[in-house]
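Student: One structure follows; several queries about it will come next.
The values are calculated or read from the model by the stated rules, or taken from the named source; none is laboratory data. A quick note: this is a predicted structure, and the numbers were derived from the prediction, not measured. Here Cβ is always computed from backbone atoms with ideal geometry, including for glycine, and neighbour counts include all displayed protein chains. What goes into the accessible areas is simple: the full protein's heavy atoms, side chains included, and nothing from ligands, DNA or RNA. Shrake-Rupley method; radii C 1.70, N 1.55, O 1.52, S 1.80 Å.
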Amino acid sequence: MLAGLGVVAFSLTFPGTAWGLESFGPWSLVALRSVLAALIAGGVLLAGRVPLPERRHRAGLAVVGGGVVVGFPLLTTLALQTSTTSHAAVVVGLLPLTTAALGSLRTGERPSRTFWVAALAGAAVVIAFTVQQSGGALASGDLYLFGALLVCAAGYTEGGRLAREMPGWQVIGWALVLCLPLAVAGSLVALPLEPVHLNAHGVIGLVWVAAGSTFLGLYVWYRGMAAIGVARASQLQLAQPLLTLVWSFLLLGEEISAAAPVAAVAVLVCIAATQRAGRRAGRESRTVRS
């Protein structure tokens, strides 16, 4: 449930970013997003009187911050200047498989063969669907999108590992606070250089990507990953591109093809297979330990 709520929050990130770009330039939006999210996180950490993270956790927090606080928002925001949100969904179409692979290498998780077959099938369905949606052509922002894929998968993997040793909200909270000086500096540089045209969409988009996608979304996501494992949780994100397309239709007026329901059913079957394989592997692991 927690990881699923994270996916729903993430599925609104691209539409929220598209709205935010109506009021802010790309560099200003990313910097302000990080500042606002860090202030929220810092306030929660202060209210909870949470001690500073241990030295052994700081390198991992830096990876989380670099991947999901700075790298992914910046690269996807730059990509959305030339790509539609439906085309950008190809990133999260590949993200579950990439996260599962990195998680297996970093945390020692060993998903079953059934899991990998279902994961590859799900990735293939999402990629085929998003390519069909974009007419089969690669957009100029695809280099940004593939870069975002790699840094986000690294941030997810490291955050999921850290969430086994400290509460998930502290993982994203300290990662945000760690990036605050960079975010403030970026805001001071970007705001004078990029025009600001405030409107309701822009403000709502900024607030959502800061409070919803960055803080609350990552909080429940890392808690879910800690509970069921990086690989298994990552496959829930197979549903994210389709959810993003629904939000893009409802909020941005982008068109959805008739293939969407077929792709949605295929993806749900793949998700069910990965979750069943993950539960079976978990039971077998517990049996061996006992």
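Student: What distance in nm separates the two pseudo spin-label positions at ARG106 and MET1, each 7 Å out from Cα along the beta-carbon direction?
Tutor: Taking the two extended label points, one gets 2.7 nm.
Student: Let me ask something else. Under a 1.4 Å probe, what is the accessible area of the chain per residue, stated in Å²?
Tutor: Accessible surface, normalised per residue, equals 44 Å².
Student: Under the classification rounded if a/c is under 1.5, otherwise prolate if a/b is larger than b/c and oblate if not, where does segment 112-270 fall, given a ≥ b ≥ c as square roots of the Cα gyration tensor eigenvalues?
Tutor: Because a/c hits 1.5 or more and a/b fails to exceed b/c, segment 112-270 counts as oblate.
Student: For the chain, what class follows from the C-alpha gyration tensor (a ≥ b ≥ c being the square roots of its eigenvalues): rounded when a/c is under 1.5, otherwise prolate if a/b is larger than b/c, else oblate?
Tutor: Oblate shape, in that a/c is at least 1.5 and b/c is the bigger or equal ratio.
Student: From the Cα gyration tensor of segment 3-109, with a ≥ b ≥ c the square roots of its eigenvalues, which class applies: rounded if a/c is under 1.5, or else prolate if a/b is larger than b/c, or else oblate?
Tutor: Oblate.
Student: Using a Gaussian network model of the chain with C-alpha springs under 10 Å, which one of VAL209, VAL189, VAL68 is most mobile by mean-square fluctuation?
Tutor: Taking springs between Cα atoms under 10 Å, the residue moving most is VAL189.
Student: Further question on the same structure: Over the chain, what percent of the accessible surface lies on carbon and sulfur atoms, probe 1.4 Å?
Tutor: Using a 1.4 Å probe with all protein chains present, the chain comes out at 69 percent carbon and sulfur.
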